[in-house]
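Participant: First, the structure itself, so that you have it in front of you.
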Amino acid sequence: MSANAIPILVDADACPVKEEIYRVAYRTGAGVVVVSNQWLRVPQHPQVRRVVVGDGFDAADDWIAEAADRLSVVVTSDILLADRCLKKGASVLAPTGKPFTSASIGGAIATRAIMADLRAGGDQMGGPAPFAAADRSRFLGALDALLVKLARAAR
């Protein structure tokens, strides 16, 4: 990965769009850092780096939050990690293509807390909608647009 490549930091343990991230990175010259609690297979490519952190609670999140900065893209569905990265100036994208922003993160955190309280109270809650082809397509477009925007800002 070249020193001036825009890094895409991937919260990888449950990320359904790793292959899409590699494809966009190869085309745009971005670097990919795949961060996980366990060893995952990643392509042998100079733009891709694997980081396996310990299995401590939030170890991958801590590594990603520490590495994030204003010229990095973080891919995660973890709302609290998204908040930490936004505070460091990073751009954050969910695997569905939905961006987390400073304007939207507060509502997402509040909804997360409400849902946790309901589950703790014994309410049966449905999980998120199944990941669909439209999500994958939306993610590809959003990641591509974000990398173009960051490359312009870096110049």
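Each value in this text was obtained by applying a stated rule to the coordinates, not by laboratory testing. The shown structure was predicted, so the numbers you read here are calculated from the model rather than taken from an experiment. Counting neighbours? That spans all protein chains shown, and the Cβs are built from the backbone with ideal geometry, glycine included.
Participant: Can you list residues whose amide H is under 5 Å from residue 92's amide H, if they're 5+ apart or on another chain and H is modeled 1.01 Å from N?
Facilitator: Residues meeting the criterion, in which the H sits 1.01 Å from N, are 74, 100.
Participant: Would you list, by chain and number, the aspartates and glutamates whose Cα falls below 15 Å from the Cα of residue 88, excluding same-chain residues fewer than 8 positions away?
Facilitator: 61, 62, 66, 69
Participant: Then there is this: Through the Karplus equation 6.51 cos²θ - 1.76 cosθ + 1.60, θ set to phi - 60°, convert the phi angles of segment 134-144 into ³J(HN,Hα) values in whole Hz; use x for Gly and Pro.
Facilitator: Result, ordered by residue: 5, 5, 4, 5, 4, 4, 4, x, 5, 5, 4 Hz.
Participant: Given Cβ point charges of +1 (Lys, Arg) and -1 (Asp, Glu) and nothing else, what value in debye, to the nearest 20, does the dipole of segment 1-61 about its Cα centre take?
Facilitator: Values: 6 positive and 7 negative charges, 83 e Å.
Taking the Cα centre of segment 1-61 as origin, the dipole is about 400 debye.
Participant: At what distance in nm do the modelled label points of residue 152 and residue 23 sit from each other, each positioned 7 Å from its Cα along Cα→Cβ?
Facilitator: 2.4
Participant: Under 8 Å for C-alpha pairs, at least 6 residues apart: give me the relative contact order for segment 7-154, rounded to a whole percent. It would help to have the intermediate numbers written out before the result.
Facilitator: Numbers: 223 pairs, mean separation 31.1, N = 148.
Normalised by residue count, the contact order of segment 7-154 is 21 percent.
Participant: Per residue of segment 58-71, what does 6.51 cos²θ - 1.76 cosθ + 1.60 with θ = phi - 60° give for ³J(HN,Hα)? Whole Hz please, x for Gly and Pro, Karplus curve as stated.
Facilitator: 6, 4, 5, 4, 4, 4, 5, 4, 5, 7, 5, 8, 5, 10
Participant: For segment 73-81, in order, what is each residue's ³J(HN,Hα) by Karplus, 6.51 cos²θ - 1.76 cosθ + 1.60 with θ = phi - 60°, in whole Hz (x at glycine and Pro)?
Facilitator: 10, 10, 10, 7, 9, 7, 5, 5, 5
Participant: Rounded if a/c is under 1.5, else prolate if a/b is larger than b/c, else oblate: which is segment 7-154, with a ≥ b ≥ c the root eigenvalues of its Cα gyration tensor?
Facilitator: Numbers: a/c = 1.58, a/b = 1.44, b/c = 1.10.
It is prolate, given that a/c is not under 1.5 and a/b is the larger ratio.
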